[in-house]
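Participant: Below: one structure in structure tokens.
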Amino acid sequence: IIIGQGTLGLEIINQLEELSFVPDLILCCCGGGGLIAGISTAIKAKFPKTKIYSVEPEHFDDTKKSLEKNEIVSNLMNHNSICDALLAEKPGNITFDINKLNLTSGLAVSDYESLKAMNSAYKHFKIVLEPGGAVALAAALSGKVDIKNKNVLVIASGGNVDKNIFESCLRTETI
């Protein structure tokens, strides 16, 4: 999985080179950590100074907590989130070892922030995102990390969204 996801990192690098764009920071959704482990491995090889942040739903921010403690920390799994694709109990052993090396830090966003990001992606870019695929955009839009005057790459992934949740996102505010 990590190697496969690394190919996305290579595609990102190719597109960035075509645009002469060097990212200062990258925000990527994170569940078990495979996607961000693969992407970050490729990105760090080309852009070693780029800061890379995992983004998870509140109460399911096991990678964030694990990075802070430098050891795997499990979620209590007694909460709910609309970001169902990211509800991992804990980081994977292999992915966490990679992410400890490559990630700057982890961030967490609320379900409401994810809904606002979904709404913004749809209204401004005509992109339908699932809640978990919108968390990185939510982190950027809600100020979870300073993006002012920086080249920022947001990984927005997945469009598998429940009709009722998508309708709910359209009723939230947009940025």
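The values are calculated or read from the model by the stated rules, or taken from the named source; none is laboratory data. Remember, it's a predicted structure, so these values are computed and weren't measured experimentally. Note that each Cβ is placed from the backbone with ideal geometry, even for glycine, and that neighbours are counted across all protein chains shown. Remember, those area values only see protein heavy atoms, side chains included, never the ligands or the DNA or RNA. Shrake-Rupley method; radii C 1.70, N 1.55, O 1.52, S 1.80 Å.
Participant: Mean separation of Cα pairs under 8 Å and 6+ residues apart, divided by the residue count of the chain: what relative contact order is that in percent?
Facilitator: Values: 364 pairs, mean separation 43.6, N = 175.
Computed over the chain, the figure is 25 percent.
Participant: In square angstrom, rounded to the nearest 10, how much accessible surface does D61 have for a 1.4 Å probe?
Facilitator: Per-residue accessible area (D61): approximately 20 Å².
Participant: When the Cα centres of region 118-151 and region 1-51 are compared, how far apart do they sit, in Å?
Facilitator: What the calculation gives is 17 Å, centre to centre.
Participant: Which residues among region 122-150 fall inside the zone where the amide N is under 17 Å from a point 7 Å beyond the Cα of E11, along Cα→Cβ?
Facilitator: Answer for region 122-150: 127-130, 133-134.
Participant: Separate question: Of all the stretches in the chain, which is the longest one without any exposed loop site, taking trypsin sites (Lys or Arg not before Pro) in a DSSP loop (any state but H, G, I, E, B) with at most 14 other Cβ atoms within 10 Å? List each step's numbers first, then the result.
Facilitator: Working: sites that count: K49, K126, K148, K150, R171.
Excluding the exposed sites themselves, the longest stretch runs over 50-125.
Participant: What number comes out for the charge environment of K44, summing +1 per Lys or Arg and -1 per Asp or Glu over other residues with Cβ under 13 Å away?
Facilitator: Numbers: positive: K46, K49, K51, K100; negative: none.
My count for the surroundings of K44 gives +4.
Participant: Using the Cα gyration tensor of region 78-175, with a ≥ b ≥ c the square roots of its eigenvalues, what is the shape: rounded (a/c below 1.5), prolate (a/b larger than b/c) or oblate (neither)? List each step's numbers first, then the result.
Facilitator: Details: a/c = 2.07, a/b = 1.30, b/c = 1.59.
Here region 78-175 falls in the oblate category.
Participant: Additional query: With every protein chain kept in the model, how would you rank M118, M77 by accessible area, 1.4 Å probe, largest at the top?
Facilitator: Details: M118 0, M77 85 Å².
Correct descending sequence by accessible area is M77, M118.
Participant: What is the magnitude of the charge dipole of the chain about its Cα centre, with +1 placed on the Cβ of each Lys and Arg, -1 on the Cβ of each Asp and Glu, and no other charges, expressed in debye to the nearest 20?
Facilitator: On the way: 17 positive and 20 negative charges, 89 e Å.
Dipole size: approximately 420 debye.
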